[in-house]
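First the structure, in the form of structure tokens, and then the observations on it.
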Amino acid sequence: MFLSVFDMFKVGIGPSSSHTIGPMVAAARFLDHLRALPFAVAGLRASLHGSLAFTGIGHATDRAVILGLAGMRADDYDATRAEAELARIKADRTIAPEGLGLLRFDPSADLLFDYGPALPGHANGLVLSGTDAQGDVITQVTYYSIGGGFVLTADELAAGRAADTGPAVPYPFRTAAEMLQMASASGQSIAAMKRANELTRMSAADLDRGLARIWQVMNACIDRGLATDGILPGGLFVRRRAKGIYAALMAERGLNMTAPHTINDYMSTYAMAVNEENAAGGQVVTAPTNGAAGVVPATIRYWLDHVPGAAPSRVGDFLLTAAAVGGLIKTNASISGAECGCQAEVGSAAAMAAAGLAAVLGGTPEQVENAAEIALEHHLGMTCDPVKGLVQVPCIERNGLGAIKAVSAASLALRGDGQHLVALDVAIETMRQTGADMSEKYKETALGGLAVNVPNC
């Protein structure tokens with residue numbers, strides 16, 4: 001299955017790719033399903049299952065479903081219009097998606113949080129239904145939000161996930177071993193191979209414009225986070241810290257008294273700025289998920305602002321390399337916290353960032369693979385236990401530490417020749433197995449770990 005760089009990096013809104021963006025995507029698909037029917041529906045219903053139910057309020061899943069059914073999209077989200085539409089729907093108990101007329105939908109009665117067993121296909125399940133004038137269900141589709149904003153119907157999942165029906169790509173690697181073999185045989189970098197694959201689906205100009213857009217949104221998100229303070233929504237009263245830390249770092253510049261380890265504070269602050277924006281429902285880029293959205297942009301910003309010789313013209317190579325590694329992880333394991341814990345989110349993001357940084361610092365494909373493996377290996381077993389189901393604690397700081405690990409992994413890999421004991425493929429498979437063995441309490445349900453040991457008010 002071909003995974004584009006624009007599958008791994010998608011512009012969306014916070015706080016969660018699987019719990020916010022995914023349900024909005026599912027709702028949009030359901031509207032298309034309704035438009036294609038030979039008969040009309042009179043009303044809509046939705047039920048959330050598994051992790052979508054347990055942490056749905058904290059992740060704004062209810063809002064995402066309602067707004068998605070109203071026709072709003074994550075990639076062009078307008079917060080002012082969204083608030084007005086939510087208020088109207090709750091007051092009128094109707095919804096009016098384009099081309100379907102006025103439909104009956106009362107959020108308090110027609111949106112169900114099902115806290116029973118999860119649906120069989122994935123921990124993030126969503127059932128959308130169309131009803132007739134009497135309220136009887138006449139059409140129904142089950143969707144799974146499988147991480148990073150990717151959505152599959154139950155039928156697609158049963159058929160072996162979404163099939164790639166596009167043209168053949170010149171470098172169809174599905175494992176890191178195949179990726180290294182193809183790089184050796186072709187003499188191409190991982191970024192060059194990924195670029196060649198992308199060019200089977202789009203023009204070079206569109207690819208470059210898209211990559212520039214991804215970095216523009218990432219960088220703007222960092223800047224907004226560094227300029228904004230206050231209290232994050234959700235009831236935990238978590239203070240935004242990125243602005244204050246960054247101001248202190250700026251004040252210390254040029255004093256010749258700064259300890260070398262202060263560079264870690266820059267990396268953490270860049271990442272925290274992104275994830276504070278995400279927690280506030282701002283515009284972010286899945287990288288590969290919203291919960292891990294700060295790691296890759298923080299690593300790029302660190303490289304551009306602090307590493308001599310860094311060139312903005314090579315950000316595209318960073319993103320292409322990172323997407324190649326992210327695609328391997330998604331294909332062979334998971335990027336979903338509800339499926340494999342936070343090792344699948346921040347661990348995957350750190351592996352992607354480490355690979356991208358090693359590449360733009362001149363690493364060979366073997367060193368790039370080694371960097372990704374080091375970063376992923378040292379996130380293995382990491383749980384996803386958000387306090388109160390919010391993407392705030394421990395998620396915001398965790399992105400900062402993920403960026404630090406990514407830079408350290410790239411640096412270690414570049415000190416070697418690419419030869420190492422544990423292959424990236426082995427680390428990916430180990431992550432998959434560890435996720436399968438992990439208790440459901442530690443997979444984005446807020447039923448264990450910090451979520452039950454930290455007061456939620």
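A few comments on the model shown:
- Simple Cβ-charge dipole of segment 187-297, Lys/Arg +1 and Asp/Glu -1, about Cα centre, in debye nearest 20: 100
- Heavy-atom accessible area per residue - the chain, 1.4 Å, Å²: 39
- J(HN,Hα) series, segment 297-304, from Karplus relation 6.51 cos²θ - 1.76 cosθ + 1.60, nearest Hz, glycine and proline x: x, 5, 5, 5, 5, 4, 4, 5
- Contact order, relative form, for segment 248-313: 25 percent (alpha carbon pairs under 8 Å, 6 or more residues apart, mean separation divided by residue count).
- Spatial separation of Cα centroids for segment 264-322 and segment 324-403, in angstrom: 13
- Evaluating 6.51 cos²θ - 1.76 cosθ + 1.60 at θ = phi - 60° for every residue in segment 417-432, the Karplus couplings come out as 10, x, 7, 7, 7, 9, 6, 4, 4, 5, 4, 5, 5, 5, 4, 4 Hz, glycine and proline recorded as x.
- GluC sites (Glu not before Pro) within segment 68-104: DSSP coil, no more than 14 neighbouring Cβ in 10 Å: 98
- Test item: Cα-centred dipole of the chain, Lys/Arg +1 and Asp/Glu -1 on Cβ, debye: 640
- Helical contribution to [θ] at 222 nm, DSSP H n ≥ 4, -39,500 (n - 2.57), averaged over the chain, rounded to 500: -15000 deg cm²/dmol
- A cut-off of 5 Å between modelled amide H atoms, ignoring neighbours fewer than 5 places along the same chain, links residue 113 with 48.
- For the chain, with all protein chains in place and a probe radius of 1.4 Å, 54% of the accessible heavy-atom surface sits on carbon or sulfur.
- Low-density loop cleavage sites - chymotrypsin sites (Phe, Trp or Tyr not before Pro) in segment 199-289, where at most 12 other Cβ are within 10 Å (DSSP): 237
- The listed peptides 282-293, 392-403, 348-359, ordered by packing as a protection proxy, come out as 348-359, 282-293, 392-403 (highest mean of other Cβ atoms within 10 Å first).
- The chain: relative contact order in percent, alpha carbon pairs under 8 Å with at least 6 residues between: 18
- For segment 127-233: rounded, prolate or oblate by the Cα gyration tensor [a/c cutoff 1.5]: oblate
- Sum of side-chain charges, residue 219 neighbourhood, beta-carbon under 13 Å (Lys, Arg +1; Asp, Glu -1): 0
- Residues with amide H under 5 Å from that of residue 13, placed H, sequence gap 5 or more: 284
- Solvent exposure of residue 203, expressed as accessible area, is near 50 Å², computed with a probe of 1.4 Å over the protein chains only.
- Residues whose amide H comes within less than 5 Å of that of residue 293, counting only those at least five positions distant or on another chain, are 287 (H built at 1.01 Å from N in the peptide plane).
- Accessible surface of residue 236 - all protein chains present, 1.4 Å probe, nearest 10 Å²: 30
- Under the simplified labelling scheme, the residue 227-residue 313 pair shows an inter-label distance of 2.9 nm, with each label point 7 Å from Cα along Cα→Cβ.
- The candidates 110, 265, arranged from most to least accessible area with a 1.4 Å probe in the full protein assembly, appear as 265, 110.
- Overall form of the chain per C-alpha gyration tensor (a/c, 1.5; a/b vs b/c): prolate
- Solvent exposure of residue 32, expressed as accessible area, is near 90 Å², computed with a probe of 1.4 Å over the protein chains only.
- Simple Cβ-charge dipole of segment 73-209, Lys/Arg +1 and Asp/Glu -1, about Cα centre, in debye nearest 20: 440
- In percent, rounded to a whole number, the relative contact order of segment 1-72 is 47, using alpha-carbon pairs under 8 Å and six or more apart.
- Segment 24-88: C-alpha gyration tensor shape, a/c 1.5 cut-off, then a/b vs b/c: oblate
The values are calculated or read from the model by the stated rules, or taken from the named source; none is laboratory data. Not measured: the values here are computed from a predicted model. Ideal geometry is used to build each Cβ from the backbone, glycine not excepted, and the neighbour counts take in all protein chains shown. These accessible areas exclude ligands, DNA and RNA; they are computed on the full protein's heavy atoms, side chains included. Shrake-Rupley method; radii C 1.70, N 1.55, O 1.52, S 1.80 Å.
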